[in-house]
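Contents: one structure, followed by commentary.
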Amino acid sequence: MTALQHVVERCGIAFEPHLTSDLLQLVFTCLSHTNRFVRETGYRVIAAFISIPGLSTASVSAFWPDITRNLAKGLSDNWSQVRMSSSVATRVFLTQLPSLEAREPYFPSLLPPLCLNRHYVAEGVRLYCQETWKLVTEMKGVQLVEKYIAQVVEFYISQTEAANHAVREAACACIAELGTKVSPGVLGPHIPDLVKVLLQCFRDDSWLVRDAACLACGNFMSSFPEECRPTLPQLLPLFFSSLEDSMPSVRQGAASSLATLVSVYGSEVEEKVMSVLRERIPLAATQPLTDSRYKGSIFYLSLSHSHVMYEHS
């Protein structure tokens, strides 16, 4: 595969007669190989194909749709190295197109995974895709997400079921971003599906995913209170259970989201939240000061501090 990559790069346009459907199908097969290094190298070959200068319109029309679908698959791979290699090929593919209008036919497939990878946990992939996003959207990212909102939402939801917890975490972060950046009129019809999947992520084995889902729910309640109101009976117990999570950041996120919930829904939920506070805050007095499990949370307070907070509340 690496040898083929170098042949293509050195031959340039002279390689076009050999760029056939059979060759592409062979490379596409390698993009599904069980070995991640083969997949990674396969996307370097794809980048070499895309970079051939002066390709004929016939070759572009024949091969670009299949290449686009495979780039989207690589941007969703469970291994960071493969995502990175596909991200490089995707930037080459999109930036060589002369204008935003010329890129738009490929956005339904490539925009959603590229958008998600801006929040991917691997720093190299995250920073590279953030830069690519600026280059290919020409600072019109929000408008493009709104234009292709159906594809974006469908992709985000699918990624919450990924085998890699880092992917699920990034999906929750992206869903939270939708709640704060996309106009209510555009996102409104998709709120029920998004909140439903966040409720599932609340129970994820990974605390990073639980944390991201908790904060995302807080964002949605603040931005879409009426749409989220039917889910309050399910959300409140999840927030309360998160206050006892083993990870401090999850507890902190739950406390923050509960504060948002009270500010949004007022008396509708205030007494339920206050009853939990009345029950649990005094328990700080019986907790050993050396117990680090709850450090940084609402429970890790001195007795006097607890009393002040309780009275203030």
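Laboratory data are not the source of any read-out in this text; all were calculated from the coordinates shown. Because the structure is a prediction, the values reported are computed rather than measured. Using ideal geometry, Cβ is built from the backbone for each residue, glycine included, and neighbour counts are taken over all protein chains shown.
Multiplying the sequence separation of Ala163 and Val186 by 0.36 nm and subtracting their Cα-Cα distance, what value in nm do you get?
5.3 nm is the gain from fully extending Ala163 to Val186.
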Around Pro113: net Lys/Arg minus Asp/Glu count, Cβ-Cβ under 11 Å: +2
Taking Cα pairs under 8 Å and at least six residues apart, what relative contact order does the chain come out at, in percent? 10 percent
Along the charge dipole of the chain, which of Leu208, Ala284, Ala254 sits closest to the positive end, that is, farthest toward it, with unit charges on the beta carbon of Lys, Arg, Asp and Glu (+1, +1, -1, -1)? Leu208
Measure out, as a whole number of angstrom, how far apart the alpha-carbon centroids of the range 9-39 and the range 112-132 sit. 25 Å
Using the per-residue mean of other Cβ atoms lying within 10 Å as a proxy for protection, in what order, highest first, do the peptides 230-239, 245-254, 56-65 fall? 245-254, 230-239, 56-65
Specify the angular offset, from 0 to 90 degrees and rounded to the nearest 10, of the alpha carbon long axis of helix 165-181 from the longest principal axis of the alpha carbons in the chain. 80 degrees
For Ser87, Ser99, Ser51, what's the fewest-to-most ordering of other Cβ within 10 Å of each Cβ? Ser99, Ser51, Ser87
Using alpha-carbon coordinates, inclination of helix 21-30 to the longest axis of the chain, degrees: 30 degrees
Once the dipole of the range 1-139 is set up from charges on Cβ (+1 Lys and Arg, -1 Asp and Glu), the residue from the list Ser85, Leu55, Leu23 lying farthest towards its positive end is Ser85
With everything on Cα atoms, drop me the angle between helix 232-242 and the longest principal axis of the chain, reported from 0 to 90° to the nearest 10. 80 degrees
Helix-only [θ] at 222 nm, the chain, -39500 (n - 2.57) per DSSP H run of 4+, per residue, nearest 500, equals -22000 deg cm²/dmol
Work out, step by step, the length gained on full extension between Val121 and Ala102: first 0.36 nm times the residue separation, then minus their alpha carbon distance; give nm to one decimal. 3.8 nm
Quick one: net charge around Leu261, please, counting Lys, Arg +1 and Asp, Glu -1 for every other residue with C-beta under 15 Å from its C-beta. -3
Rounded to the nearest Å, what's the spacing between the alpha carbon centres of the range 145-187 and the range 43-71? Just the number, please. 28 Å
If you add up the charges near Phe93, with Lys and Arg at +1 and Asp and Glu at -1, over every other residue whose beta carbon is less than 14 angstrom from its beta carbon, what do you get? +3
Would you order Lys73, Lys134 from fewest to most other beta-carbon atoms within 10 Å of each residue's own beta-carbon? Lys134, Lys73
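Starting with the fewest neighbours, write out His165, His6 ranked by other beta-carbon atoms found within 10 Å of each beta-carbon.
His6, His165
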What dipole magnitude, in Debye to the nearest 20, does the range 96-154 give about its Cα centre under +1 on Lys/Arg Cβ and -1 on Asp/Glu Cβ? 80 debye
Peptides ranked, highest mean first, by Cβ atoms within 10 Å: ranges 116-126, 139-149, 208-218: 208-218, 116-126, 139-149
From the phi of every residue in the range 149-155, what ³J(HN,Hα) in whole Hz does the Karplus formula 6.51 cos²θ - 1.76 cosθ + 1.60 yield, where θ is phi - 60° and glycine or proline is x? 4, 4, 5, 5, 5, 4, 5
